[in-house]
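The values are calculated or read from the model by the stated rules, or taken from the named source; none is laboratory data. Being a predicted model, the structure only gives us computed values, none of them experimental. Here the Cβ positions follow ideal geometry from the backbone for every residue, glycine too, while neighbour counts run over all protein chains shown.
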Amino acid sequence: MTSRSSGAEIGIIGAGLSGLATGVLLADMGYSVHVFEARDRPGGRIQSVTDRTGRYLADLGPTWIWPAFQPTITRWLEKLDLATFEQFELGETLLDHGPDHPVEPRLLSTGQSGHQRLLGGPQAMVDRLRARLPASSLRTGSPVVEVDFVGDRIALKVGGEVSPGVFTVDDLIVALPPRLALTGMAWRPALPQALSQALGAMPTWMAQHAKVVAFFDRAFWRERGQSGRILSRVGPLVEVHDHSGPDGKPAALFGFVGWPSDVRNKLGGDLELHVRDQLQRCFGKAGDVPTSVHIKDWAKDPLVAVQRDLADPIDHPKPGPAVIREAQFGGRLWFAGSETAEQSPGLIEGALVAAEQAVARLTARNGSSPGPTTTH
Ligand SMILES: Cc1cc2nc3c(=O)[nH]c(=O)nc-3n(C[C@H](O)[C@H](O)[C@H](O)COP(=O)(O)OP(=O)(O)OC[C@H]3O[C@@H](n4cnc5c(N)ncnc54)[C@H](O)[C@@H]3O)c2cc1C
């Protein structure tokens, strides 16, 4: 990677949805791409529960898309040949008022509008994108710890144990939550102040949250005319939804933990016991006991959450200032994580919007694309 090939070499930091889509778009245009991912897997906040063979079962990260309002994901689903199905919502919602009060079944309108699930989960998008990237362009286990603008090349210092070293590229797209882009690596020279401030001010969507998936032998709530939805002010789960496969199998529920991260930290492994107690209190003794419970606490994930995310009030990110989408260092540095998107920042849609916007601006600035589409 240290010598220039026929096409410009573009480094991409982060192989979440945004980094993968960025890589595919650039590779399709003939650029040589090098995607550096700190984890041992691509996908970032898209993380799944799988069976022993690696087959997708459920989501510990995002679940829903809103194709009716999200034109970009709609195009990508077509491009990647992926299908959606309805979120199951038929039947009563259970209102949970805590251990000393009876559960209240209610027929409520849905909390969301037009939300759909992906067949194979968002994991299917990650798998399809990864398959479209040229072989060897993705380096997992490769955290970028320093970015150095030297002469007309950019040196990326990569840590980790897989292939540590210094790699150089012509241009760089940083596809990370903005706060991680700012604090997760050293910048030489330092980033301009206005940019640093804007990156630091963008909250990372869902960084404070913990998500729970519980599997059951059968979706017994459906047999009882219940949707599987629970709303609770008591918790630990404040919002629960049916998360079964399209035919009801595997039978599953997912929920968001409402108890804050410091409380979760104190509870440690006991959180699962509280979740199981709550599910039993809501469904009663006749409800099946979960066959397994999976918890992902995103607040504890240093590749998502920074301290400031845990201190901020939970608020959906609003589109950030233009500076996070503008060319930096003479057009050699761009940002593309979901939170940098002009539309739907923080969401799956935003991750794809951000990828498209960074690629369009970088390639417009570089002139036409450098060569024919590579075949893969
Ligand atoms: C629990 C949860 C529920 C959600 N629900 C929904 C939903 O229902 N619908 C929806 O639209 N969105 C939802 N989201 C948001 C959605 O997951 C994100 O918008 C999207 O996945 C972000 O993709 P990204 O590529 O921008 O960022 P990320 O997925 O965060 O990817 C960034 C990548 O960079 C890597 N990285 C970090 N630092 C470095 C470094 N120094 N060097 C190299 N690599 C690095 C990380 O490991 C990661 O792989 C949810 C998120 C969570 C956590």
- request: Quick one: which residue in 162, 166, 234 is surrounded by fewer than 21 Cβ atoms within 10 Å (Cβ to Cβ), part of a loop (DSSP other than H, G, I, E, B) and not assigned by TED's automatic domain parsing to the domain that holds residue 276?
  value: 162
message: Looking only at residues that are within 30 Å of residue 285 (Cβ to Cβ) and within 15 Å of the ligand (Cβ to nearest atom) in region 48-87, which one is farthest from the chain's Cα centre (by Cα)?
response: 87
- request: Confirm whether residue 268 is away from the ligand (no atom under 15 Å from the Cβ) and among the small types (Gly, Ala, Ser).
  value: yes
query: If a residue has to be within 16 Å of the ligand (Cβ to nearest atom), touching a Leu at 6+ places or on another chain (Cβ under 8 Å) and not small (Gly, Ala, Ser) to count, how many in region 199-236 make the cut?
result: 9
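Name the residues in region 104-141 that are among the β-branched types (Val, Ile, Thr), in a loop (DSSP other than H, G, I, E, B) and under 23 Å from the mean Cα position of the chain (by Cα), would you?
If the condition is that a residue be among the β-branched types (Val, Ile, Thr), in a loop (DSSP other than H, G, I, E, B) and under 23 Å from the mean Cα position of the chain (by Cα), then 140 is the only one that fits.
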Which numbered condition residue 277 fails, given (1) surrounded by 16 or more Cβ atoms within 10 Å (Cβ to Cβ); (2) acidic (Asp, Glu); (3) at pLDDT 95 or above: (1)
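Tell me, yes or no, whether region 89-103 has at least one residue that is outside any strand (DSSP E or B), near the ligand (Cβ under 10 Å from one of its atoms) and not assigned by TED's automatic domain parsing to the domain that holds residue 145. Can you show your working first?
Let us first name the residues in region 89-103 that are outside any strand (DSSP E or B), namely 89-91, 97-103.
Restricting the remaining residues to those that are near the ligand (Cβ under 10 Å from one of its atoms) gives none.
No, every residue in region 89-103 fails to be outside any strand (DSSP E or B), near the ligand (Cβ under 10 Å from one of its atoms) and not assigned by TED's automatic domain parsing to the domain that holds residue 145.
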task: Go through region 54-71 residue by residue and tally those that are over 17 Å from residue 242 (Cβ atoms) and touching a His at 6+ places or on another chain (Cβ under 7 Å).
output: 1
message: Yes or no: region 323-337 includes at least one residue that is surrounded by 16 or more Cβ atoms within 10 Å (Cβ to Cβ), touching a residue at least 12 places away in the same chain (Cβ under 8 Å), part of a loop (DSSP other than H, G, I, E, B) and away from the ligand (no atom under 14 Å from the Cβ).
response: yes
- prompt: Residues that are in contact with a helix residue (DSSP H, G or I) (Cβ under 6 Å, 6 or more places away or on another chain): which helices (runs of 4 or more DSSP H) entirely in region 171-226 hold 2 or more of them?
  reply: 178-183, 193-201
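Quick grid of which residues meet (1) assigned to a loop (DSSP other than H, G, I, E, B); (2) touching a Lys or Arg at 6+ places or on another chain (Cβ under 9 Å); (3) surrounded by fewer than 19 Cβ atoms within 10 Å (Cβ to Cβ); (4) hydroxyl-bearing (Ser, Thr, Tyr):
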residue	(1), (2), (3), (4)
271	no, yes, no, no
310	no, no, yes, no
317	yes, no, no, no
350	no, no, no, no
- request: Would you check which residues across region 107-144 are at pLDDT below 95 and surrounded by fewer than 19 Cβ atoms within 10 Å (Cβ to Cβ) and list them?
  value: 107, 108, 109, 110, 111, 112, 113, 114, 134, 135, 136
Residue 233 being modelled with pLDDT of 95 or more and over 22 Å from residue 61 (Cβ atoms): no
- request: Name the single residue, out of those in region 27-47 being more than 16 Å from the ligand (Cβ to nearest atom) and in a loop (DSSP other than H, G, I, E, B), that is farthest from the chain's Cα centre (by Cα).
  value: 30
